[in-house]
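Since every read-out is calculated from the coordinates, none of them should be taken as a lab result. Everything numeric here is computed off the predicted structure, so don't read it as measured data. Here the Cβ positions follow ideal geometry from the backbone for every residue, glycine too, while neighbour counts run over all protein chains shown.
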């Protein structure tokens, strides 16, 4: 098993406050980072902000600030949001970071010298909100298919990257590494588009100045995708000890930016002579009444609103439990509350409360061996999390919790005062909490304190140490 695990989220545009859509990707990455730490791996988890480009320049202008002043005022909101959701990233990278700008310049020079960058004229349809070009085939009515806004017709001198040169390389890559584009349902569309032919893409702008200057032509600044995608590499180059993490093991993106990550990105890395990531996973969108959530749709749910419904752990749990990670999910506060009440409060919270109350009163006694259930479930969960099937992993843990609730009802330790039954249940709670800890870290720590165990996978096959138990606080208040 690989000893290192490098995971990334996309870097987010700080043109507005973070919302549930940003949270979804970042929570998923945080769960995988925590899970791999539990497995004993050396983990590097990177998220951050994409701060250059026309969209940011326009947002800054509206706010009567310079672009740097504008991003400096918004970026802390992302850092605060991730604290509220208990996200433990290892680096928060900004594309205005000096080390990133240096790396981008180096890579541009390298790719230019290899002959893969040339000066040309660009004319085409462009969406500022996407920071992306569209062909007539993609947008026959000249309206952005994502933001439903009219596309701009751009004409300017631009440097291009020879993407067309990499068609065979990409098709071979997808064939040899079937998990490179994940989930499986997303693969066919990308492969068909690449087979249909690739056009070189623009990597510079001369019509505005907010960006990293092209090192071989200071009249141009780097186009946002060539700048933004390289953050994943530059994040590992600032310190010698971080270089071992390259390349990424898993890169999580929204389905709307899969093309750039599955096509542009590997071609750029090949051109620069760098190793490629193992897996690009594109998740679905959260919708509200069937409409994509976001600022432009005017229906974005802020992080504060999300956390205020039922708390940070419940929000984390719900987003990964409610829908399969590769598919779309329709968000409703009602469904979040239902999951919170039924699965977290009634099942987990009630189990912990009953067992800790009885253990405080009657004590624990270990006579039986340890159930192999936890180790069996651990292997199933590992398999699901390696495939980013968070909902399936959580289903297993909830089934385990259900078995414990059935067991306590059957054995009635409040009548029998059976210390052995209470020990078995306390030991099972230990195992459930360890397996749930990447999803609901705050609650798992509270349970570990109550039952006096360490959150570690090695503890799954060890008996719970008998100690004096005190009744647990209420973990999940009913809403």
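Based only on other Cβ atoms within 10 Å, what is the fewest-to-most ordering of 418, 227?
418, 227
Please work out the C-alpha center-to-center distance from the stretch 216-260 to the stretch 1-67 and express it in whole Å.
12 Å
Rounded to the nearest angstrom and ordered from largest down, what semi-axes does the equivalent ellipsoid of the chain get from its C-alpha gyration tensor (root of 5λ)?
47, 23, 20
Work out, in µm²/s and without decimals, the Stokes-Einstein translational diffusion coefficient of the stretch 319-434 at 20 °C, 1.002 mPa s, Rh from Kirkwood over C-alpha pairs.
138 µm²/s
Against the globular-protein guess of 2.2 N^0.38 Å, express the Cα radius of gyration of the stretch 1-88 as a ratio, rounded to two decimals.
That ratio works out to 1.27.
What shape does the stretch 439-479 take by its C-alpha gyration tensor, where a ≥ b ≥ c are the square roots of the eigenvalues and a/c under 1.5 counts as rounded, a/b above b/c as prolate, and the rest as oblate?
oblate
Tell me the angle of helix 167-176 to the major Cα principal axis of the chain, expressed in degrees between 0 and 90 and rounded to the nearest ten.
With both axes taken from Cα atoms, the answer is about 20 degrees.
For the stretch 134-204 and the stretch 370-433, what is the separation of their C-alpha centers, rounded to whole Å?
Their Cα centres are 46 Å away from one another.
Do the sum for the chain: with -39,500 (n - 2.57) for every DSSP H run of n ≥ 4, divided by all residues, what is the mean residue ellipticity at 222 nm, to the nearest 500 deg cm²/dmol?
-13500 deg cm²/dmol
So in the stretch 62-183, what percent of DSSP beta bridges are antiparallel if you round to the nearest 5?
Close to 100 percent.
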